[in-house]
Amino acid sequence: MTTTEVENFPGFPEGILGPELMANMRQQAERMGTETVSASVTEVDLATRPFRVTAGDRTEETRTLIIATGAYAKRLGLPSEAALYGKGVSACATCDGFFFRDKRVLVVGGGDAAMEEAVFLTRFASQVTILVRKDVLKASKVMEERARKDPKIEFRWNVEVTEVLGQDEGQMRGVRLRDTRSGETSETEAEGLFVAIGHAPNTAIFKDQLELDGRGYIVTKEGTATSVPGVFACGDVQDVRYRQAITAAGSGCMAALDTQRFLEEDGTADGR
């Protein structure tokens, strides 16, 4: 819903807008009898069955539950970043890298994710500059060496982005940087900015109710089963590796099949 053109989802040779793709999926599900409720879930109780899920002023009881709350890319928190998101600012090179062919792009971050994004972007961009807040990287040695050896990649050390430039034009044209040692500011021209400072799963509401890993992702086993029988998880809320729309959709199918089998074995296939 926060992506513009989606080029890496099967079946759309000319691409499709993110919100349009989601609207199509919703319409298809509703044609099959799915009821949708447009409200944020504020409370869940997984301690007893039936489980209880509260969204807005409505509480549902259910024998099974599929969690597909996804994960969010951490952002810099700048108003200018938010204003130009999708207009030069992105958090997914595999999603948006194609749009920066022969352009200059910046990558913020110093970990493996930033190195991976930068290396991938060299397939399209004319130049990739990695902006690192400190004078060392957190990335693994292998990923660091891969980035350093790429002739299209250069590093800027001890800098942080304080503003994304281009709000008046409605398209990013560069960034304002602050030297973390001296405090001096400078501007760098670029057509793209990829923020690669990590992801976080939307799992706060499930804390102390489901088994989570050290980063907060839901732990699944034997497909999409969670630590609570009858509760399944799919997509980016449990996927720390791929984080793609197509892999999320695939694991969603897995969760649906796992749920069906659970109900059949539980003797409540006709229940909710």
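For a test of the definition: using alpha carbon positions, the gyration tensor, and the 1.5 limit on a/c, classify segment 75-195 as rounded, prolate or oblate. Verdict is oblate for segment 75-195.
Test of understanding: in a Gaussian network model of the chain with alpha carbons linked when under 10 Å, which of 154, 163, 60 would top the mean-square fluctuation ranking? Taking springs between Cα atoms under 10 Å, the residue moving most is 60.
Select from 256, 23, 82 the residue whose mean-square fluctuation is largest in a Gaussian network model of the chain (Cα-Cα springs shorter than 10 Å). Taking springs between Cα atoms under 10 Å, the residue moving most is 23. In the chain, helical runs assigned H by DSSP with n ≥ 4 each contribute -39500 (n - 2.57); averaged across all residues and rounded to the nearest 500, the mean residue ellipticity at 222 nm is -7000 deg cm²/dmol.
Cβ distances below 4.7 Å define possible disulfide partners, and in the chain the cysteines left without one are 234, 253.
Its Kirkwood hydrodynamic radius, worked out from the mean inverse distance over all distinct Cα pairs, puts the chain at 20.7 Å.
For segment 75-195, the residue among 110, 85, 158 whose Cα projects farthest onto the positive side of the dipole built from Cβ charges is 110. For 246, 130, the sequence from fewest to most other C-beta atoms within 10 Å is 246, 130. Sorting 7-18, 105-116 by their mean Cβ neighbour count within 10 Å, with the most densely packed peptide first, gives 105-116, 7-18.
Among the GluC sites (Glu not before Pro) in segment 168-223, those placed in a DSSP loop whose Cβ has at most 15 other Cβ atoms within 10 Å are 169, 184, 211, 222. Structural descriptor for segment 75-195: relative contact order 31 percent, calculated from alpha carbon pairs under 8 angstrom and at least 6 residues apart. Ordering 235, 124, 69 by the projection of their Cα atoms onto the charge dipole of the chain, which places +1 on the Cβ of Lys and Arg and -1 on the Cβ of Asp and Glu, puts 124 at the extreme positive end.
Longest stretch of the chain clear of exposed loop sites (chymotrypsin sites (Phe, Trp or Tyr not before Pro), DSSP loop, at most 16 other Cβ atoms within 10 Å, sites excluded): 1-156.
Quick note: the coordinates plus some simple rules give every number you see, no bench work behind them. Given the structure is predicted, the values throughout are model-derived calculations rather than measurements. Reconstructed Cβ throughout: ideal geometry from the backbone, glycine too, with neighbour counts over all protein chains shown.
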